[in-house]
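Read through the structure below, which is laid out as C-alpha cells, and then see the notes.
The values are calculated or read from the model by the stated rules, or taken from the named source; none is laboratory data. Computed from a predicted structure; not experimentally measured. When we count neighbours, we look across all protein chains shown, and the Cβ atoms used for this are built from the backbone with ideal geometry, even at glycine. Just the protein is used for accessible areas: all its heavy atoms, side chains included, with ligands, DNA and RNA removed. Shrake-Rupley method; radii C 1.70, N 1.55, O 1.52, S 1.80 Å.
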Amino acid sequence: MDVFSPKERLQKTLSGETVDRPPVICPGGMMNAAIVDVMTKTGHLLPDAHHTSDKMSDLAYDVYENTGFENFGIPFCMTVEAEALGSSINFGSLECEPKIQKEVFPSVKDVTFLPDGTIANSSRAETVIQAIYLLSEKYPEIPAVGSLTGPISTAASIVDPMIFLKQLRREREAAHKVIDYVTEQLISYAKLMADNGAAAISIADPTATGEILGPKIFDEYAVYYLNKITDSVHELGVPVIVHICGDVRMVKPQLQKLHSKVLSVDAIVDLAMLKKELDNMPAMGNISTYLLEFGNADTVFKQAKHLLSKNIDILAPACGLSTSTPLNNITAFTSAIKEG
Amino acid sequence: MGKTKDELYSEMSDAVVNMEEELSAQLSNEAVESGYDAFEAIDLGLAKGMEQAGRLFDDGEYFVPELLMCADALNAGVEILKPYIKTERQEKKHKIVIGVIAGDTHDIGKNLVKLMLSSAGFDVIDLGRDVPPSVFVERAVQENAKIIMISSLMTTTMDGMADVINILNEKGIRNEFKVAIGGGPVSRRFADQIGADGYSSNANQAIKMANELVGR
C-alpha cells in the first residue's frame with residue numbers, strides 16, 4: 001500500500017515536500033502517451049478523442065491505466081489554442097497528431113485581436129475543460145494535468161513562424177503586443193482548467209528554445225510571458241510545470257528566472273548536472289523518447305533506474321512520445337520508478 | 001574619388017551580416033551603376049556576408065531570427081543584381097528537393113536549411129511539410145535532382161525517412177540520388193542505420209554536407 005496517492009505525491013513534490021519516491025508522469029499536450037498500442041487495445045481512438053469530452057476522458061483514463069503514468073494528461077495535441085484564435089487545423093489520424101494547417105496571419109501586424117476568453121470559450125477548450133472536470137471528479141486521487149501550448153509557440157501558430165521569428169527583433173512592439181494578447185488568452189484558459197480540477201498546469205513551448213531564439217530573445221519574450229502565465233496560475237494555488245525543448249546550454253541563466261515549480265527538459269540535457277548548476281532547481285525528465293520507441297524494455301528499465309539514482313524530482317518522457325512507441329517500453333519505465 | 005570595388009564588396013558583405021536590408025539593396029545598385037559584374041558582386045560581396053552569418057550562427061552569436069534577417073538582406077541585394085548576371089556566368093546549379101516528412105507539425109528547421117542552401121548557390125525545390133515518402137521520390141525524379149533532403153521533428157515520422165530510401169531501392173534508382181536527413185530527433189547513427197548518405201545537425205552545416213554530396 002502506497003503512503004501517498006498519486007495526486008498527493010505529485011502535489012507534495014511540486015510544493016517542495018519530501019515524498020517516498022518521485023512521481024512518474026506524462027503531462028499531455030505535446031507530451032502525451034496516447035500511443036497506438038493503447039488505443040487499439042481499448043478502442044478509444046484519435047482523432048475522435050480530440051473532439052468530445054467523454055472520448056477525451058476515456059482515452060486519458062486508458063492511457064493512465066495501461067501505461068502506468070501517475071496522472072491524466074490532456075489534451076493530446078498543441079492545436080486547441082491556435083484553432084480558437086483562427087488558424088486552420090489538420091486533425092491527423094490514429095498515428096499522427098494534429099497540426100497547424102495554416103497560420104491565419106502573415107505578420108504580427110495583421111493579427112486580429114479577439115475578445116479575452118476566446119480560447120477559454122472555444123468548443124475545443126470546452127472539451128478539454130469538461131474532460132478535466134469529469135476525470136478529477138471521478139478519480140480524485142489521480143492528478144489531472146492540464147496542458148497548455150506556450151505563448152511563443154501559440155503566437156507562432158497564428159502568425160507565419162518564419163516572419164514571426166524575424167519580427168521578434170524587427171517589430172518588437174507589435175510582437176510584444178501579439179504575444180501579450182496570446183498570453184492573456186492562455187491565462188483565462190488555464191484558469192478555467194484550474195477551476196475545473198486540474199491538479200497542475202503544464203506549459204510546453206517548443207518554439208521558445210535557446211537554440212532557436214538565443215539568450216537575449218529567450219529572455220525578453222519566453223521568460224517574461226511564461227512567468228506571466230505561471231504567476232497567474234500560481235495565484236490560484238495550482239502549480240505550473242514548464243517544459244523547454246532542445247539544448248538549454250545557451251540559456252541557463254535565463255532558466256533560473258522561470259517561476260515554475262519544476263523545469264522539464266529534453267533528453268540532450270544532463271538533468272543531474274543542470275539541477276546542480278541551477279541551485280538545485282526542481283527538475284523533471286527526461287527519459288529519451290528515442291529510447292522509448294526503439295530501445296528494448298531492459299534498456300529502458302536500466303535507464304529509468306539510472307535517472308532515479310540522480311535524484312530527479314519528477315520522472316517523465318523527455319519530449320513528445322512517438323505514437324508507435326511500444327507499450328511494454330513505457331511500462332518498463334513507469335514500473336522501474338514505482339518499485340523505487 | 002569613390003570607393004574601390006573591393007571596398008564596395010566588403011560593405012555589401014557587412015550589410016548582410018548586419019541585417020541591413022535597405023543598405024544591401026542600395027550597395028547592390030551601386031555595384032550595378034559602377035558596371036561591376038553582377039555575379040561577382042553576389043559571390044564576393046553578398047554571399048560572403050551570408051557565409052559570415054552562418055559562422056556566427058555556428059558560434060552561437062547569431063540565432064534563427066538573426067539568420068533570417070541576414071537572408072532578407074542578402075535577397076534584397078540579389079534581387080537587384082540578378083537581372084544583370086551575364087548568362088554565361090550562370091553556372092548550372094545543383095538541384096535539391098527538400099521537405100518535411102509526413103506528419104510533422106512545423107517546418108522552421110527545413111525553411112532555414114532551404115534558405116542557407118539557396119544562398120550557397122543550390123537550386124532548392126521546397127516540397128513543403130507533411131510530404132509522403134513517395135512524393136519525395138516522384139519529385140526528385142521529375143526535377144532531376146541530385147539530393148533528396150528529408151527533415152523530421154518527431155520520432156513518430158522518422159520511419160518515413162527509411163521509406164524514401166526503400167522506395168528508391170525498389171525502383172532501382174537509389175544510386176541516382178544522394179539522400180540527406182536532419183531534424184530534432186535525428187542523429188548520425190540513425191542516418192547510418194537507414195543508409196542515408198548525409199546527415200546534418202544544423203542549417204549551416206547542411207551547406208558543407210550538400211557540397212560534399214555533389215562533390216563540390
Please work out the Cα center distance from the range A:181-205 to the range A:60-89, rounded to the nearest Å.
-> 13
Which residues, if any, in the range A:290-332 have at least 40 Å² less accessible area in the whole protein complex than in the isolated chain, probe 1.4 Å?
-> A:TYR290, A:PHE294
Cα→Cβ-extended label distance, 7 Å offset, between B:LYS95 and B:ASN166, nm = 2.7
Carbon-plus-sulfur fraction of the accessible area of the range B:5-88, 1.4 Å probe, in percent?
-> 43
Sparse-neighbourhood loop sites, GluC sites (Glu not before Pro) in the range B:1-105 - DSSP loop, at most 16 other Cβ within 10 angstrom | B:GLU61, B:GLU91
Output the residues of the range A:95-113 meeting this criterion: accessible area (heavy atoms, 1.4 Å probe) in the chain alone minus accessible area with all protein chains in place is 20 Å² or greater.
-> A:CYS96, A:GLU97, A:LYS99, A:ILE100, A:GLU103
What do you get when you divide the Cα radius of gyration of the range A:56-134 by 2.2 N^0.38 Å, with N the number of residues?
-> 1.28
R0 of 41 Å, Cβ-Cβ distance A:LYS257-A:LEU45: FRET efficiency to nearest 0.05 | 0.50
State the Cα centre-to-centre distance between the range A:256-294 and the range A:129-165 in whole Å.
-> 20
Pairs A:LYS216/A:LYS310; A:LYS7/A:LYS305; B:LYS92/B:LYS178; A:LYS177/A:LYS276: which are spaced more than 27 Å apart, C-alpha to C-alpha?
-> A:LYS216/A:LYS310; A:LYS177/A:LYS276
Rounded to whole Å and sorted largest first, what semi-axes of the equivalent ellipsoid does the C-alpha gyration tensor of the range A:1-80 yield via the square root of 5 times each eigenvalue?
-> 26, 14, 10
The FRET efficiency for A:ASN311 and A:ARG172, from their Cβ-Cβ distance with R0 = 45 Å and rounded to 0.05, is 0.65
If you take the Cα Rg of chain B and divide it by 2.2 N^0.38 Å, with N the number of residues, what do you get?
-> 1.09
Here Rg/Rh (Cα, Kirkwood) for the range A:107-208 equals 1.06
For the range B:95-213, report the translational diffusion coefficient in µm²/s to the nearest whole number, using Stokes-Einstein at 10 °C, 1.306 mPa s, and a Kirkwood Rh over Cα pairs.
-> 117
Ranked from highest to lowest mean number of other Cβ atoms within 10 Å per residue, what is the order of the peptides B:163-175, A:89-101?
-> A:89-101, B:163-175
Any chymotrypsin sites (Phe, Trp or Tyr not before Pro) in the range A:109-178 that lie in a DSSP loop and have at most 15 other Cβ atoms within 10 Å would be A:PHE113
Per residue, the convex hull enclosing the Cα atoms of the protein assembly as shown spans a volume in Å³ of 147
Translational diffusion coefficient, Stokes-Einstein: compute it for the range A:1-146 using the Kirkwood radius over C-alpha pairs as Rh, at 25 °C and 0.890 mPa s, and state it as an integer in µm² s⁻¹.
-> 150
Dividing the alpha-carbon radius of gyration of the range A:1-42 by 2.2 N^0.38 Å (N being the number of residues), what value is obtained?
-> 1.50
Can you give the translational diffusion coefficient of the range B:5-88 in µm²/s, computed by Stokes-Einstein from the Kirkwood radius over Cα pairs at 25 °C and 0.890 mPa s?
-> 200
Rounded to the angstrom and largest first, Cα extents along the principal axes for the range A:286-340 equal 29, 20, 14
Find the all-direction average of the projected area of the Cα convex hull for the range A:162-267, expressing the result in square nanometres with one decimal place.
-> 6.6
Roughly how much accessible area, to the nearest 100 Å², goes out of reach of solvent when A and B pair up, both sides summed, probe 1.4 Å?
-> 2400
Kirkwood hydrodynamic radius of the range B:159-199 from all distinct Cα pairs, in Å?
-> 10.3
Taking a probe of 1.4 Å and leaving out DNA, RNA and ligands, the range B:95-213 shows per residue an accessible area in Å² of 39
What are the principal axis extents of the Cα atoms in the range A:65-108, in Å, biggest first?
-> 43, 20, 13
Where is the GNM fluctuation largest for chain A (alpha-carbon springs, 10 angstrom cutoff): A:GLY210, A:GLY16, A:GLY320?
-> A:GLY16
